[in-house]
Amino acid sequence: MDTLLRRLDARLYGPRRARRELLAEVADGLADAERRYAEAGYGTEAARRAAAEEFGDPDTLVPVYQAELTASQGRRTALLLLFGLPVASRLWGLLWSVVPRQAPPTPAEVAWLYPMYQAATLVSVMGAVLGLALLVRGARRGRSPGAVVVLLGVAGALAVALNLTASVSHAIVARSPAEVIENSPLAVVIYVVTVLAMALVATAAWRSIALARRARTREWRVWL
């Protein structure tokens with residue numbers, strides 16, 4: 001039983017918490033099977049061997065468990081896309097509505113940046129909604145979530161790139177963060193939230209792509 005759990009632990013990749021919970025579930029199942037065999041008159045070692053044999057070859061179950069872990073990473077990325085950058089963008093809108101006189105200037109030179117902010121939000125929301133829908137659809141049909149998780153990662157990377165490019169360009173051309181904070185001290189909190197949101201989404205995007213690649217679950221098909 002211990003060897004079986006070690007083999008699974010070495011072969012599976014994914015979010016730490018989800019992996020720990022999965023392995024704990026397997027360990028509980030093995031313990032229950034061992035208890036049944038012990039109650040049937042098996043010795044300790046015999047009961048443990050019988051429980052492990054009942055579980056089966058872990059190599060045949062790794063793809064199933066790995067798909068579950070990959071889907072878990074996909075759901076995390078989708079939730080961050082849904083509540084990360086869009087929430088930060090909304091906070092900026094609320095700030096300027098509260099202190100409209102302190103709103104940043106909008107010269108013609110940076111007018112093109114605002115559609116970029118909107119595009120980042122659109123990519124985040126649409127990517128999250130579509131990704132979650134495809135994960136649910138794929139789970140019902142028994143398909144690997146690898147391709148969807150990669151697409152979620154790409155959506156996250158694109159959203160962060162758009163938002164970061166717009167933010168840096170705006171700071172250079174229109175108004176620096178120091179000026180915004182000087183005029184609106186509350187902006188400090190929103191800057192922190194924005195940076196944290198971008199960092200979390202970028203990290204989740206990278207992990208999604210890396211996990212799908214490492215687990216070798218590259219089904220590059222759109223599930224329709």
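Brief remarks on what is shown
- Restricting Val129, Val136 to residues that are open to solvent by 50 Å² or more (accessible area, probe 1.4 Å), in contact with a Leu (Cβ under 9 Å, 6 or more places away or on another chain), part of a helix (DSSP H, G or I) and modelled with pLDDT of 85 or more narrows the list to Val129.
- Filtered by the rule that a residue be closer than 12 Å to Thr121 by Cα and over 12 Å from the mean Cα position of the chain (by Cα), region 135-163 gives Leu158, Ala159, Val160, Ala161, Leu162, Asn163.
- Matching residues in region 19-46 - criterion: being under 19 Å from Arg6 (Cβ atoms) and basic (Lys, Arg): Arg19, Arg20
- Of everything in region 41-56 that is out of contact with any Leu (no Cβ under 8 Å at 6 or more places or on another chain) and under 22 Å from Glu21 (Cβ atoms), the residue that is most open to solvent (accessible area, probe 1.4 Å) is Glu54.
The values are calculated or read from the model by the stated rules, or taken from the named source; none is laboratory data. Computed from a predicted structure; not experimentally measured. Neighbour counts are summed over all protein chains in view; Cβ atoms, including those assigned to glycine, are modelled from backbone coordinates with ideal geometry. Remember, those area values only see protein heavy atoms, side chains included, never the ligands or the DNA or RNA. Shrake-Rupley method; radii C 1.70, N 1.55, O 1.52, S 1.80 Å.
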